[in-house]
Amino acid sequence: MPGRRCDEPVRAQPPVRDTEVLVIGAGLSGLVAAAEAADAGRRVYLLDQEPAASIGGQAWWSFGGLFLVDSPEQRRLGIKDSADLALADWMGSAGFDRAEDHWPREWAKAYVDFAAGEKRSWLRRQGISLFPVVQWAERGGYQAGGHGNSVPRFHISWGTGPGVLTPFVRRVMDHVHAGKITLLFRHRVTRLTTFGRRVTGVAGEILAPSDVARGERSSRQVVGEFAFSAGSVIVTSGGIGANHDLVRRNWPTGFGAPPSSMISGVPDSTDGLMLGVAAAAGGRLINEDRMWHYPEGIVNHTPVWTAHGIRVLSGPSPLWLDATGTRLPTPLFPGFDALGTVRHITSTGHPYSWFVTSLRTVGPEFGLSGSEQNGDLTGKSVKKLLTERAGGKITPSVQAFLDRGVDFLTAPTVGELAAKMNALTGDDLIDADALHAVIVGRDQQVRSGLGKDPQVTLTAGALRYFGDRRMRVVTPHEILDPAAGPLVAVRLHILTRKTLGGLETDLSAAVLGSDGGGPVPGLFAAGEAAGFGGGGIHGYRALEGTFLGGCLFSGRAAGRAAARLD
């Protein structure tokens, strides 16, 4: 259709092909939606702009964390959880405060019920199993009613992200072989076709074949056009994390200016362009300024996509300093409040911060996000788990960053460490004497055996939990103890990751219209494109382990609802 803007809806039904359900995006939520619709007997087209090698999207690269409530794994570890406590934590973290938060709030209630009820048994039926030690993410550190998980709820999938993804790829491929699902890679949707308010199909561009590996940037060369009609269309195209222009355009107020530099925790294909296409066809986008980025990003020494970053998953012990060497305020400690830390760092006017600790701390407390950074868990290898991780060892992936990561620095003395920090950034903001005073002050608190420093007391409290004591928290020691050295500093970047807002949906995953006329007939959305449900199930903050689960929950709802549509 020469001369037509890419974001302009077409007001006619394209006659080229026909299917009952059409899913845009072959990530986790799209795979789940397609499988559910096909299970219900519908014929499904599943489209994606990327080559087949990237099926599963971001989920393949994930750590595989799943939020569960009052699970057998928790109970075996003595964790006392409940749906009421989890919902209180969720609402305290979400901070819903807008008129458009009605459906996000309803999705949140439904999701906590799912996580406390059917979710674990449903996962097991899919063939997904769980690592037995539950992790404690986003601890909050605030009073009751504030942000954070009161108890550990982060269940690692045995097999990490691929372990979650594989059962749904298998389900989809079974339907492909049965003729129920048609996979169409390198198909980029640029328009939703409409008839009145109703979405009737899609149109777009066929991209040139590409043999790039999973996650690598693929060509955008156009070699043809397509148009398909469909009884219902499900948008599962993901968020905006790799589109830094959109991230900056939607940057939340109160966070200072958008960082001058950021790194990406998601592949280039996470461009957010489909959100604009859906909005042009009448869908309502809400909460676009709500995002979930991480303050602990490091530059990948072996990048796959543009500005590829990895998140350091740290235990609570390292000192966290801003670019000038000043400690971050309570409770902005590692693993406590990701969003609050991002806001504090970006409000300083500098795009980075620092961890400072000892090498002794690195083994027990430094993990890395991502399936590819956790070969033992991803490969389901008990042998590797015991030989490479157990006992506080520095894992091979962390050691690779110590050896080759541009952001990792080591030195025997504070003066030498400060000099290296300044040389790395070129800012000359770290005063060696001031840094030494900060470390000594913290070490005095540890030496006392009790102490008043909140980070020291919270770290001691974490040792009461078996999972932290065995896997995540080093025995308290002085950073300047020569036997614990050398000293380690890690420069931390803002790492873009998740879109918390998106297309507003009701509990059936039907997209609501921007005209206020209720659901747009024939249009559904799931996963990150829908803010993981409702247009923002997390509100302002996430409790972690809720992104994969949100894709599963909303994708299931969308596939089932679309299949019921006549």
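Candidates are the residues of segment 114-139 that are small (G, A, S) and part of a loop (DSSP other than H, G, I, E, B); the one that is farthest from L313 (Cα to Cα) is G117.
Can you spot a residue in segment 90-110 that is open to solvent by 10 Å² or more (accessible area, probe 1.4 Å), at pLDDT 95 or above and in contact with a His (Cβ under 7 Å, 6 or more places away or on another chain)?
Our first condition is that a residue be open to solvent by 10 Å² or more (accessible area, probe 1.4 Å); within segment 90-110, this holds for 91-92, 95-100, 102-103, 105-106, 109-110.
Filter again for at pLDDT 95 or above, leaving 91-92, 95-100, 102-103, 105-106, 109-110.
In the following step, the residues that additionally are in contact with a His (Cβ under 7 Å, 6 or more places away or on another chain) were identified as 92.
Taking every residue of segment 90-110 in turn, at least one turns out to be open to solvent by 10 Å² or more (accessible area, probe 1.4 Å), at pLDDT 95 or above and in contact with a His (Cβ under 7 Å, 6 or more places away or on another chain).
Residues in segment 400-428 that are within 28 Å of the chain's Cα centre (by Cα) and farther than 14 Å from S358 by Cα: A400, F401, D403, R404, G405, V406, D407, T425. Could you check segment 220-260 and list, in sequence order, the residues that are small (G, A, S) and free of Cβ contacts under 8 Å to residues at least 60 places away in the same chain? Result: G224, single match. A single member of K119, K80 is charged (D, E, K, R) and open to solvent by 30 Å² or more (accessible area, probe 1.4 Å), and it is K80. Candidates are the residues of segment 415-436 that are aliphatic (A, V, I, L, M) and part of a loop (DSSP other than H, G, I, E, B); the one that is least open to solvent (accessible area, probe 1.4 Å) is I430. Determine whether segment 539-561 contains at least one residue that is more than 28 Å from the chain's Cα centre (by Cα) and either over 24 Å from A242 (Cβ atoms) or open to solvent by less than 30 Å² (accessible area, probe 1.4 Å) (or both). No - not one qualifying residue is present in segment 539-561. Please tell me if T306 is open to solvent by 10 Å² or more (accessible area, probe 1.4 Å), in the same structural domain as L487 (by the TED database) and among the β-branched types (V, I, T). So T306 fails the test. Tallying residues that are within 26 Å of G297 (Cβ to Cβ) and either without any contact (Cβ under 8 Å) to a residue 40 or more places away in the chain or in a helix (DSSP H, G or I) (or both) within segment 457-483 yields 7. Only a single item in (1) under 17 Å from the mean Cα position of the chain (by Cα); (2) surrounded by fewer than 21 Cβ atoms within 10 Å (Cβ to Cβ); (3) not aliphatic (A, V, I, L, M) is not met by G276, and it is number (1).
Looking across segment 92-114, the residues that are among the small types (G, A, S) and either in contact (Cβ under 8 Å) with a residue 40 or more places away in the chain or not assigned by the TED database to the domain that holds S150 (or both) come down to G92, S93, A94, G95, A108, A110.
The values are calculated or read from the model by the stated rules, or taken from the named source; none is laboratory data. Predicted, not measured: the structure shown is a model, and the values here were computed from it. Here the Cβ is made from the backbone with ideal geometry for all residues, glycine too, and neighbour counts use every protein chain on show. SASA here: full protein model, heavy atoms, side chains in, ligands and nucleic acids out. Shrake-Rupley method; radii C 1.70, N 1.55, O 1.52, S 1.80 Å.
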